Amino acid sequence: MKRFRRLRSSEQIRRLVRETRLNKSDLIYPIFIEEGENIKTPVESMPGIFRYSIDRLDEILTQVNGSGIGGVLVFGIPDHKDETGSGAYDENGIMQRAVRYIKKNYPQILIIADVCLCEYTSHGHCGVVRNGEILNDETLPLLAKMAVSLAESGADIIAPSDMMDGRIAYIRKALDEKNFVNIPILSYSAKFASGYYSPFRDAADSAPSFGDRKTYQMDYANGREAMREIEEDIAEGADMIMVKPALAYLDLVRQARERFELPLVVYNVSGEYAMVKAAAKMGWIDEKKIVLENLTAMKRAGADIIITYHALDVCGRLDE
Ligand code: PBG
Ligand code: ZN
């Protein structure tokens, strides 16, 4: 008889033989920053998550600063939206000012800047719209402008989440031309058109006003295509790759881990967070247990880095 239980007999032994470890430095915490003053608005569908104005950002940044987590992912909510999302690449836009603020006051915090137009466009799509169509090539220069302006503001990593074709090469070239050769690109490579983003769209006020994102984000039925997306992003110059969402896509995290050598990121998205919070609030699950189990599963599947709204809640219970 095999005695598997031998290595499970005490917490000390279990700890010693544990195959997967979750570290604080693996975690990235998303932050929503809104135009205006004295704002800390709870996001209804994401308990514990708030939208902050810059003048109240310290409340969350001081927590991040002492936490040991890997960094923050910054999203902006402008007060003005238009057809071409001009607030996204305005040097005094909400993101640009927020990034400058964080860089100046918290130089130790790693800042990842989400690059996408949907929070800034009046129609809520991630690209330029003409006659109801989301245009690819016309969107690329705007994404590049946004990326450059965020690098100029002090972003440490540029993370395009739009899913336009060819954006990584386009953005890389634009960054290089402005001498940002050392600013890495974290590509949302395999980003699926998912029902799991709806709490985020409440938080970021970025729901599309017509149609959906299925002509640019991936069909969740397609795994092989996800590998082709990642392969192409690497060929175009991505430094880090992502699978998003996380939990329903761990098969693809595993495949990506086996096929590609780059740092692999998963995004534990808003709907995944909301489900855990809702069930915990009902008293139907133990949040603390479930969160560690979920995050550990993401790492076991092969992720190196996890973007998660749980980051600050769990980091007190993790190793360096
Ligand atoms: C913007 C963006 C989205 C998310 C990250 N960047 C929403 C979307 O594509 O509609 C989702 C994150 C989450 O649900 O937590 N393109
Ligand atoms: Zn978008």
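Could you check how many residues of region 70-89 are of a type outside the set (Gly, Ala, Ser) and either surrounded by fewer than 18 Cβ atoms within 10 Å (Cβ to Cβ) or farther than 13 Å from Glu35 by Cα (or both)? Before you say what the answer is, go through the steps one by one.
Just the residues of region 70-89 that are of a type outside the set (Gly, Ala, Ser), to begin with: 72-75, 77-84, 89.
From what's left, either surrounded by fewer than 18 Cβ atoms within 10 Å (Cβ to Cβ) or farther than 13 Å from Glu35 by Cα (or both): 72-74, 79-80, 82-84, 89.
Qualifying residue count for the region: 9.
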Item to check | Leading residue by the ranking (least open to solvent (accessible area, probe 1.4 Å)) among those in region 212-224 that are more than 16 Å from ligand 1 (Cβ to nearest atom) and within 21 Å of Val269 (Cα to Cα) | outcome: Gly223
Checklist entry - Is it the case that Ser194 is surrounded by fewer than 22 Cβ atoms within 10 Å (Cβ to Cβ), within 14 Å of ligand 2 (Cβ to nearest atom) and farther than 20 Å from Gln96 by Cα? => result yes
Next on the checklist: Test of understanding: among Leu175, Leu140, which residue is open to solvent by less than 30 Å² (accessible area, probe 1.4 Å), free of Cβ contacts under 8 Å to residues at least 60 places away in the same chain and either within 16 Å of ligand 2 (Cβ to nearest atom) or among the aromatic types (Phe, Trp, Tyr) (or both)?
Outcome noted: Leu140
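Restricting the search to region 285-310, which residues are out of contact with any helix residue (DSSP H, G or I) (no Cβ under 9 Å at 6 or more places or on another chain) and either more than 18 Å from Tyr188 (Cβ to Cβ) or open to solvent by 60 Å² or more (accessible area, probe 1.4 Å) (or both)?
Scanning region 285-310 gives Lys289, Glu293, Thr296.
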Item to check | Leading residue by the ranking (nearest to Ser270 (Cα to Cα)) among those in region 41-82 that are assigned to a loop (DSSP other than H, G, I, E, B), free of Cβ contacts under 8 Å to residues at least 60 places away in the same chain and touching a strand residue (DSSP E or B) at 6+ places or on another chain (Cβ under 7 Å) | outcome: Leu57
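Okay, residues lined up against (1) more than 16 Å from ligand 1 (Cβ to nearest atom); (2) under 19 Å from Asn23 (Cβ atoms); (3) within 14 Å of the chain's Cα centre (by Cα):
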| position | (1), (2), (3) |
| --- | --- |
| Met240 | no, yes, yes |
| Ala246 | no, yes, yes |
| Arg254 | yes, no, no |
| Glu258 | yes, no, no |
| Val269 | no, no, yes |
| Val276 | no, no, no |
| Ile285 | yes, no, no |
| Leu312 | no, yes, no |
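The values are calculated or read from the model by the stated rules, or taken from the named source; none is laboratory data. Small disclaimer: the values here were computed from a predicted structure and weren't measured. When we count neighbours, we look across all protein chains shown, and the Cβ atoms used for this are built from the backbone with ideal geometry, even at glycine. The accessibility values were calculated without ligands, DNA or RNA, using every heavy atom of the protein model including side chains. Shrake-Rupley method; radii C 1.70, N 1.55, O 1.52, S 1.80 Å.
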